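The values are calculated or read from the model by the stated rules, or taken from the named source; none is laboratory data. All values reported here derive from a predicted model rather than from experimental measurement. Quick reminder, even Gly has a Cβ in these numbers, built from the backbone with ideal geometry, and neighbours come from all protein chains shown. To get the accessible areas, we keep the full protein, side chains included, count just its heavy atoms, and leave off ligands, DNA and RNA. Shrake-Rupley method; radii C 1.70, N 1.55, O 1.52, S 1.80 Å.
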Amino acid sequence: MGLKMIKKLFEEKEIKLFAGIALLLGTVMLFLISPWQIPDEATHLYLIGYHMDNLEFSSKLTQSLGMDQGRIEWTISEKTNMEQMLQAMIKKPDYSISEMLPNVLSLNMIKYFPAILGMELAIILQLPTFWVLHLGELCSLLVYVLICSGALKVCPFKKQIMAIFMLSPMMMQQAGSYSYDALAIPLMFWIICYVLYLRYEKESINLKDILLLVVPWIFVTYIKVPYVMVVLLGLMLPLEKFQVKLGRLEINEKFIKKVRWPLLVVVIVAIAVVIYVFRNNPWIQILYGVVAEFPRTLYLLYSTVRNFAGHLIVSSVGNFGWLNAPVSNAFGVAFYIALFVFAIVLKDGSAKKMTKWDRTVIWVTFLSLTLLTVFSMIHHTIMMVLYGSESAPYTYNIRQALYWIPYIGGLQGRYFMPFISLFFMQVGSVQLLNEKKTKIVVGVFAAVVYVYVGNILLNRFWIG
């Protein structure tokens, strides 16, 4: 994204305001949550080093930082050691620049590109390791804000609802982290908003529009496989809008109607061949198992909801650190009730009317994403129940193993947040509030949420 494009992006006051709020909230969250307290932080640092073919990358950062791991994570009463942190802020790094550079440029580095960029820049500047880690997180946050700002700018309606999801506490925690969520989440928001833009505002769909959807979708799928099903939103795009030129070939409504059925047959055959060739792939095995044992799958879904509904709601709104700094159950429920009311009464809530087909596509996409995300944790649950470790060197028969687990565990509500917005985007609206009252209501709501969340984080990591 060039400087001219960035300047154009922030021409609108609303987008500037959103970006400013996002940067402020993300930065505050980044510093309120102590080092090593974002889930799998050390694991992601290890994977970054692994993908750079620099296996000492994470260990050198950990040793040089000098702040203990595990103490706060496993003991609720423990707080951040201020003396350690102040020393870490000024301590010179124990490593040389050459020791911390990538030895290879691998494709997997794309998942962590913003964090890698920030950390390597800080390493080259020879900043203390404390600031190396935080600059990596800040770069992740900047990329998150840029992509979300672009998505919000093209979003044709319910911008406030989409902005609330983008600024929600759990999304802000992940935005300023080393996790690949920092890239996957905003790309999901972009795809959703851009599809709605093409469907409801843009007069025609050209090659550039297709690339602006397909490229992010490829990245999202590569980063987080369960999100592949967001591609179904493409079924909303009207055929009469297509004016895609590929050399002498023009892909328009007439061309698509001519080739769609033969193309569908080719796609089905191709999928069948891929499934057969890669039939031993864990993903294909899981999908085979849940279809072959459909009654058991239904039971596992029911059991999972029964046991973890409250946890999933809370951990989508805010269960920070290592899931040991949660909002209350009542607050989690109230958050979604408020969003539903906002979707109905706020200004810009129904700027465009969705057709039944559009709502059907959104519901199918939402359910597909939800199920695939849930199914993605089946392997984790089986390995933990049977062998106590996901990395244990054992195999299992998927159809039998489904009967050995009582539910699908390991799920967190934040896995669903990037696409829960789909439900609220399709809710009809009566628009009881004008633009001024809408801004006031959303502002008060955001203030209440973040005062409450800030209090939780202060008490968990700093006070007492």
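Quote the FRET efficiency, to the nearest 0.05, computed for residue 68 versus residue 104 with a Förster distance R0 of 45 Å and r equal to the Cβ-Cβ distance. Each step should come with its number before you reach the end.
Numbers: r = 32 Å, r/R0 = 0.71.
Calculated transfer efficiency: 0.90.
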If amide H atoms are built 1.01 Å from N in the plane of the peptide, which residues on other chains or at least 5 residues away come under 5 Å of the amide H of residue 205? 242, 243
J(HN,Hα) series, the stretch 403-416, from Karplus relation 6.51 cos²θ - 1.76 cosθ + 1.60, nearest Hz, glycine and proline x: 8, 9, 10, x, 6, 9, x, x, 6, 10, x, 5, 4, 9
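Counting other Cβ atoms within 10 Å, which trypsin sites (Lys or Arg not before Pro) in the stretch 239-347 have at most 13 and lie in a DSSP loop?
On the way: sites: 241, 245, 248, 254, 257, 258, 260, 279, 296, 306, 347; in loops: 248, 279, 347.
Within the stretch 239-347, the qualifying trypsin sites (Lys or Arg not before Pro) (loop, at most 13 other Cβ atoms within 10 Å) are 248, 279.
Test of understanding: what is the full-extension gain from residue 367 to residue 334, defined as 0.36 nm times their sequence separation minus their Cα-Cα distance?
Difference between extended and current length: 9.6 nm.
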Put one equal scatterer on each alpha carbon of the stretch 251-297, apply the Debye formula with no solvent term, and list log10 I(q)/I(0) at q = 0.31 1/Å to two decimals. -1.02
Taking amide H positions as placed in the peptide plane 1.01 Å from N, state which residues far from residue 325 in sequence (5 or more) or on other chains have amide H under 5 Å from it. 320
If you stretched the chain out fully between residue 248 and residue 276, how much longer would it get, using 0.36 nm times the residue separation minus the C-alpha to C-alpha distance? 6.5 nm
Distance-filtered residues of the stretch 267-311 - backbone nitrogen under 12 Å, label point 7 angstrom along residue 387 Cα→Cβ: none
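Could you compute the FRET efficiency for residue 322 and residue 256, with r as their C-beta to C-beta distance and R0 at 35 Å, rounded to 0.05?
Numbers: r = 49 Å, r/R0 = 1.41.
The calculated FRET efficiency here is 0.10.
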Looking at the stretch 253-404, I'd like the Rg to Rh ratio, where Rg is from alpha-carbon atoms and Rh is Kirkwood's inverse mean 1/r. 1.06
Alpha carbon centroid spacing (whole Å) that separates the stretch 181-195 from the stretch 93-124: 25
Stokes-Einstein diffusion coefficient of the stretch 1-47, Kirkwood radius over Cα pairs, 25 °C, 0.890 mPa s, in µm²/s: 187
Is it possible to state the helix-based mean residue ellipticity at 222 nm for the chain, with each DSSP H run of 4+ residues giving -39500 (n - 2.57), the sum divided by total residues, to the nearest 500 deg cm²/dmol? What is it? -21000 deg cm²/dmol
Let me check the size of the chain from its C-alpha atoms; what are the radius of gyration and Dmax in Å? 23.2, 71
Just report the Cα centroid separation between the stretch 406-464 and the stretch 1-46, whole Å. 17
One quarter of the convex hull surface, Cα atoms only: what value does that give for the stretch 64-165 in nm²? 9.7
Euclidean distance of C-alpha centroids, the stretch 210-233 and the stretch 312-338, integer Å: 28
Using the heavy atoms of the protein chains alone and a 1.4 angstrom probe, what is the accessible area of the chain per residue in square angstrom? 49
Residues of the stretch 244-260 with backbone N under 20 Å of the label point set 7 Å from the Cα of residue 204 along Cα→Cβ are 244-258
Derived scalar couplings ³J(HN,Hα) [the stretch 417-430; Karplus, 6.51 cos²θ - 1.76 cosθ + 1.60; whole Hz; x for Gly, Pro]: 4, x, 10, 4, 4, 4, 4, 6, 5, 9, 6, x, 9, 10
